[in-house]
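*Asks:* Quick one: the structure is below, questions incoming.
The values are calculated or read from the model by the stated rules, or taken from the named source; none is laboratory data. Predicted model, so just to flag it, every value in this text is computed and none were measured. A quick note on method: Cβ atoms are made from the backbone with ideal geometry, for glycine too, and the neighbour counts reach across all protein chains shown. In case anyone asks, the SASA skips ligands and DNA or RNA and just uses the protein heavy atoms, side chains included. Shrake-Rupley method; radii C 1.70, N 1.55, O 1.52, S 1.80 Å.
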Amino acid sequence: MALALYRKYRPATFAEVVGQEHVTEPLRTALAAGRINHAYLFSGPRGCGKTSSARILARSLNCVQGPTPDPCGNCPSCVALAPEGPGSLDVVELDAASHGGVDDARDLRDRAFYAPAESRYRVFIIDEAHMVTTQGFNALLKIVEEPPEHLVFVFATTEPEKVLSTIRSRTHHYPFRLLPPSTMRRLLEQVCAQEGVTIEQAIYPLVIRAGGGSARDSLSVLDQLLAGAGPEGVTYARAVALLGVTDVALIDDMVSALAAQDGATVFATIDRLVEAGHDPRRFAADLLQRFRDLVLLRVAPEPACHGLIDAPQDQLATMTAQAETLGAGSLTRFAEITHSGLVEMRGATAPRLLLELLCARMLLPAVDEGEGAVLHRLERLERRLTIAPPATEEPPVAQPPIASPPSAAQPTPQPRVAQPPVAQRPIAQRPVAQPPAVQPPVVAPPPSEAATTALAPDQLDAAAVRRVWPALLEAVREQSRTTQVLLSNATASAVQGSTLVLTLPNAPLARRLGDDRNVELIREALRNVLGVDWQVRCEHVDGEAGAGGTSKPQHTAQRAGRSPQRSADRPAYRRPAATQAPDDGIPPPPEPSDPADPGAPDLPHVPTDDDEAMLVEASGMSREPPSRRDPEEVALELLAEQLGARRIDS
């Protein structure tokens, strides 16, 4: 039968006791100086070395070279009191959990007066001393207060406050403590090296956490893992399955989903958790531990150097990114909700339901009126403000500039339509009775100009969207990889009111990304990342349009003085009679000259605002029908729709 690790590696001297230097050093000093007390009280959590230290103290007192802080290990007393030795008649170890009555205390009192058989001292080690009854303590009180010269009492207990105060006041009290993670890790690595077993580095935090700081419990857990290790050693997957801890991937998915306010992923993670057979209570405890680590990363940039967080470097990098995404207020609120949920889960018959409810509370800060929920919402607003452009002293002009070819004359900013020069074609004017009409479709300006000239200071623009573009892609990727691939080819060119304009390099991609399903996924990602509820419009931009993203029609009419070819079967254009008066009192727009009229002068064509708008609309309409429409019909139709003009028949 194999010997348990906690027995095999039990310390034999005070120098081998790990993590209790605050106890062992004073005891070694007292033994070296010969200041031996008649009673000691060792208190502390289970498995931290109380009973082992009591045996080492008895061994140091009865050594041939003693009392000494370092027993020789060769004399009969040291051999008998070794960790696996047969024991000594002069050292009596009593378990008060089963021998704590008054009769047991009287028997111990009667035996205390006998001199040691072969050693220097008689040592009585009373383990679990808090289990001794009040009558038992009263029976021992006189012998503990005035013991014989050869008698030493050592009380070991996990609850020193339950020891009778009159007994406690007559002892030297040494409190033992749990081992810190760094010290426990060194101990486990030393044991694994001596056992010759390979173990993954990510398993040590699991063992340390399962042991709870107790050296005995941690060695018991490690013993179980080493017993089931294969030729490759102890793997992380097997350790997670044996220990029943939550896989770190589930915790990462849950934290990332909470940061993105993705409710679907949150509840899908809970479903995966339950399907894998994990305990919802254990998952909530592990999630609370993760929130604690993220809070430390948020308030202390380098806590790993101080041993506050025990995690591998790759996991530490992931946690750092999560801490940057979530603010300190949000993390604190999540931790408080998780802690309250853990308390409610005690004795609950439906722990999964409670886990889902506490996750819903974390996802919905608006329904909570507490300070934590308000701070959580404020952090979301601050995040939006950090990515928004800085405010300027004067608000920029709301009207975007109109792109025009280099050969065209620059329009003056004061009038809407200026008087055309003599050499140019007359520009169509709006009817007087019409209310201020909606601007015709214009060519989109470059993103850099639109982001700075067409936006209020407290409003998000296209530049702000581009700054969080990786986060948007990641949010879309969590819902649909296909939509994420399509969106990666798009560019946020402008924000027009509550509509985000996305431009793509070719028309098929624009049509595919403009599907209702893809648009809804993009809107959901915008709500999660920026907290805005925008419409999304996808447009096609020709590759020759340049970096500014100017839309270019696929089929345009011929320009620069060239007349479009007239169909052979269509009758020649006839100018309507000038004597016919309009029936509604609205003067008709100026009549364009007939391009086929030989008497008309051959004037160069200068594109205007309306011309560009017509071309854009014509290009959008000409993509659908298989047959080409007559440009003149398209122009007249656009004049009627956009300017309210009416065709006058002769």
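*Asks:* With a cut-off of 17 Å, note down the residues of region 154-178 whose backbone N falls inside the zone around a label point 7 Å from the Cα of residue 25 toward its beta carbon.
*Replies:* Taking a point 7 Å out along Cα→Cβ of residue 25, the residues of region 154-178 whose backbone N falls under 17 Å are 174-178.
*Asks:* Hey, if we sort 103, 70 by accessible area with the 1.4 Å probe, largest down, what's the order?
*Replies:* Ranked from most to least accessible, the order is 103, 70.
*Asks:* Also, I was wondering about something else. Where the only charges are on Cβ atoms (+1 Lys, Arg; -1 Asp, Glu), what is the dipole of region 91-169 about its Cα centre, to the nearest 20 debye?
*Replies:* 220
*Asks:* Whole-Hz Karplus ³J(HN,Hα) for region 62-76, in order, using 6.51 cos²θ - 1.76 cosθ + 1.60 and θ = phi - 60°, x for Gly and Pro?
*Replies:* Those phi angles translate into 9, 5, 4, 8, x, x, 9, x, 10, x, 6, x, 10, 6, x Hz.
*Asks:* Above 23 angstrom, tally the Cα pairs of region 43-153 and express them as a % of all pairs, no decimals.
*Replies:* Cα-Cα pairs in region 43-153 separated by more than 23 Å: 31 percent.
*Asks:* Put a dot 7 Å past each Cα toward the Cβ at residue 489 and residue 32; how far apart are the dots in nm?
*Replies:* Result: 7.8 nm between the two label points.
*Asks:* What is the set of long-range amide H partners of residue 506 at a cut-off below 5 Å, with H atoms built 1.01 Å from backbone N?
*Replies:* 541
*Asks:* Pulled fully out, how much extra length does the chain show between residue 532 and residue 97, if you take 0.36 nm times their separation in residues and subtract their Cα-Cα distance?
*Replies:* That pair, residue 532 and residue 97, stretches by 150.1 nm at full extension.
*Asks:* Also, quick follow-up: What distance in nm separates the simple spin-label points at residue 632 and residue 16, each placed 7 Å from Cα in the Cβ direction?
*Replies:* Computed distance between label sites residue 632 and residue 16 equals 10.9 nm.
*Asks:* What are the ³J(HN,Hα) values, in whole Hz, obtained from phi via the Karplus relation 6.51 cos²θ - 1.76 cosθ + 1.60 with θ = phi - 60°, for each residue of region 222-229 in sequence order, with x given for Gly and Pro?
*Replies:* My calculation for region 222-229 gives 4, 4, 5, 5, 5, 5, x, 6 Hz in order.
*Asks:* Continuing with the same structure: Within region 71-105, name every residue whose backbone N is under 19 Å away from a label modeled 7 Å from Cα of residue 117 along the Cβ vector.
*Replies:* Answer for this model: 75-95.
*Asks:* Determine ³J(HN,Hα), in whole Hz, for all residues of region 520-531 in sequence, where each value follows from phi through the Karplus function 6.51 cos²θ - 1.76 cosθ + 1.60 and θ = phi - 60°; x replaces Gly and Pro.
*Replies:* 5, 5, 5, 4, 5, 5, 5, 5, 6, 8, 9, x
*Asks:* Still on this structure: Test of understanding: what is the full-extension gain from residue 325 to residue 474, defined as 0.36 nm times their sequence separation minus their Cα-Cα distance?
*Replies:* 52.3 nm
*Asks:* Right, here's the next one. Under 5 Å between amide hydrogens, which residues at least 5 positions from residue 535 or on another chain qualify, with H placed 1.01 Å from N in the peptide plane?
*Replies:* 499, 500
*Asks:* R0 = 56 Å: FRET efficiency of residue 276 with residue 648, Cβ-based, nearest 0.05?
*Replies:* My answer for the efficiency is 0.15.
*Asks:* What distance in nm lies between label points placed 7 Å from Cα along the C-beta direction at residue 107 and residue 162?
*Replies:* Going from the residue 107 label point to the residue 162 one covers 2.2 nm.
*Asks:* Using a 1.4 Å probe on the protein chains only, how many percent of the accessible area of region 153-311 belongs to carbon and sulfur?
*Replies:* 53
*Asks:* Something else: With viscosity set to 0.692 mPa s and temperature to 37 °C, compute the Stokes-Einstein D of region 153-239, Rh being the Kirkwood radius across alpha carbon pairs; µm²/s, no decimals.
*Replies:* For these conditions, the coefficient is 219 µm²/s.
*Asks:* Could you list which residues have their amide H under 5 Å from that of residue 39, counting only those 5 or more apart in sequence or on another chain, with H placed in the peptide plane?
*Replies:* Counting only residues 5 or more places away or on other chains, the set is 153, 172.
*Asks:* While we're on this one: Residue 138 to residue 8: extension gain in nm, 0.36 nm per residue of separation minus the Cα-Cα distance?
*Replies:* 43.0 nm
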